[in-house]
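Heads up: the structure comes next, in structure tokens.
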Amino acid sequence: MLNKSFQFVRVAGSTLVLTIVLASAAHAETTDALQGDSGQSARGVKAWANNCASCHNLRPAKELRDDQWRVVVSHMRVRADLTGQEARDILKFLQENN
Amino acid sequence: MQYLTNKTLPLAAAISGIIALSSSAYADSESQSLQSEVQMLRKEVAELRALIKEQSSAQEEVKNLRNEVKATSHAQSEWTNADSTFHLSGYAAAGYTDRKQSGGSAFNVASFNPIFNFLYRDIVLAEAELEVATAADGSTETKLEYGSIDIFLNDYATLVAGKFLSPLGHFRQNAHPAWINKFPSLPPGFGEDQAAPAAEVGLGVRGGYPFGQDMKMKYALYAGNGPELEVDAGEIHGIKSDGFARDVDRRKVLGGRVSLVPLPKFEIGLSGASGGVGLANEPDRSYRAIGTDIGYQWKNLDLRAEYISQKVGDQEASAAPLGGTWKAWYGQAAYRFLPSKWEGVLRYGKYESPRDSQRQKQWAVGVNYLWGPSVMAKLGYEFNRGLAGQEADANRWLLQLAYGF
């Protein structure tokens, strides 16, 4: 019974990956439209507060320079499973307020 | 006629003389006026020359300033626009543990964990964390916590290859750094070789996918070499899951975590893994891991709970034939007394192991003082219940300084 459950987990996992990769292509147009719009910084502050604070105390924008935030946000994109758009929004907010 | 001539000649001569004299005077005056005009013009020309000279030197100055601004702007944009860039972050901790009941109090924590990050455009990130710590005997322990190459495939998927923190559960991969962990110690069962897997060597894909305005799904799936067993005197003492660059049981472990964020600051996750584990030169045995975690932040309150278990199957042909299940869970509440710099923490945890001496129940209460978001002092007290006479049964005070940089 347990083996069957894990078999299901494996199949479900593979399906999930495939779905995400395929869905991302369909989502690309929307993402392109969102990339550099005027609301980016406003979305960024929201994403920063919601995602970063769910694990640790919020680190203020002034702690680092623009180039440092670029690397740190990429690191956190992996660590916190941020979407690419969330990472860009957060980076924009941090770079505008440091 | 003669009369006229005699009368007019002197007159004419006189008139001529007057005219000659007056024209001579006029000529002199005109010459002077012209000379003064020439002098004025010369002066004006000299002034104009000086002005032109001044202007051209000002233009030169402007040109130089423009070049300087251009160079400064270029130097500035080099930092932000370079294709390849680097950043060093990390954390450090120092601590004291008072465990009079088990006979030893000591300054027993001195660790430094640098994290190296190299980014090439928005394509690839190479990241590595080292743990450099002082051991009880004074030697220096160095460990690669993780070292991976992460390729951003698209907005929703990142390929992770190398050694990475185990994606199973939340605490080990997200909350273990000293400046993030709210309490000076790890929850029971979440330490080294206990119930929660620490790291894995392999390949994985992870990311997040938004649903509507505030909902989101996160996932992390992987295939790796899996853990190994720690065996002594015919018994399994623990599951070593620090990540191995070998696979002694020759059977890979597949696993992952899927979580849902239905509301901002609320996340619920499920983890599972399956594969083989064993000892060198022995047949492999089954390995299963399962877990769930939940986290919620509301104003100054931070709530978190997690359950994780690892099960190892029996193997008659092994030096340690009996398998077992190692499981642990904890619940934690932390509250920031804003606007002050104080934070209170309460945690309950339980660790169950096939070995009686490892079992532990724990209430932990602590208070933290934060000089900054990542600089803090943590004081805590653990009420521990374990097998009588064992270390797991001893209450203890803990003091820790932590700095995330």
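Please treat every number below as a calculation from the coordinates, not as lab data. Small disclaimer: the values here were computed from a predicted structure and weren't measured. Heads up, the Cβs are rebuilt from the backbone with ideal geometry, glycines too, and the neighbour counts pull from every protein chain shown.
One table, with the values for the structure above:
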read-out: Shape category assigned to the range B:51-100 from the gyration tensor of Cα positions, a/c cut at 1.5; value: oblate
read-out: Cα gyration tensor category, rounded, prolate or oblate, for the range B:82-404 with a/c compared to 1.5; value: rounded
read-out: Furthest towards positive pole of dipole, B:Tyr156, B:Leu260, B:Ala136, structure part the protein assembly as shown, Cβ charges; value: B:Leu260
read-out: Proxy reagent accessibility, fewest Cβ within 10 Å first, across B:Tyr330, B:Tyr403, B:Tyr91; value: B:Tyr403, B:Tyr91, B:Tyr330
read-out: Neighbour-count order for B:Ser286, A:Ser38, fewest beta carbons within 10 angstrom listed first; value: A:Ser38, B:Ser286
read-out: Whole-number percent relative contact order across the range B:136-210, with pairs defined as alpha carbons under 8 Å at least 6 apart; value: 36
read-out: The range B:299-349, dipole about Cα centre (Lys/Arg Cβ +1, Asp/Glu Cβ -1), debye to the nearest 20; value: 400
read-out: Part-to-part distance (alpha-carbon centres) for the range B:73-92 and the range B:199-261, which is given in Å; value: 32
read-out: Whichever lysines have a C-alpha closer than 18 Å to that of B:Lys216, once near sequence neighbours (fewer than 8 apart) are set aside; value: A:Lys46, B:Lys265
read-out: Computed over the range B:69-196: relative contact order in percent, which uses C-alpha pairs under 8 Å that are six or more apart; value: 15
read-out: Most to least packed among A:71-82, B:337-348, B:205-216 [average Cβ atoms within 10 Å]; value: A:71-82, B:205-216, B:337-348
read-out: Size of electric dipole in chain B: Cβ of Lys, Arg +1 and of Asp, Glu -1, about Cα centre, debye, nearest 20; value: 1000
read-out: Partners for B:Lys240 among lysines (Cα-Cα distance below 23 Å; same-chain residues under 8 apart left out); value: B:Lys143, B:Lys163, B:Lys252, B:Lys311, B:Lys327, B:Lys350, B:Lys361
read-out: Cα gyration tensor category, rounded, prolate or oblate, for the protein assembly as shown with a/c compared to 1.5; value: prolate
read-out: Mean ellipticity per residue at 222 nm, deg cm²/dmol - from DSSP H runs of n ≥ 4 across chain B, formula -39500 (n - 2.57); value: -7500 deg cm²/dmol
read-out: Chain B, relative contact order in percent, only Cα pairs under 8 angstrom and at least six apart counted; value: 12
read-out: Size of electric dipole in the protein assembly as shown: Cβ of Lys, Arg +1 and of Asp, Glu -1, about Cα centre, debye, nearest 20; value: 1100
read-out: Cβ-based exposure ranking for A:Thr83, B:Thr140, in which fewest neighbours within 10 Å come first; value: B:Thr140, A:Thr83
read-out: Cross-link partners of B:Lys299 among aspartates and glutamates (Cα-Cα below 18 Å; sequence separation of 8 or more within a chain); value: B:Asp214, B:Glu267, B:Glu343
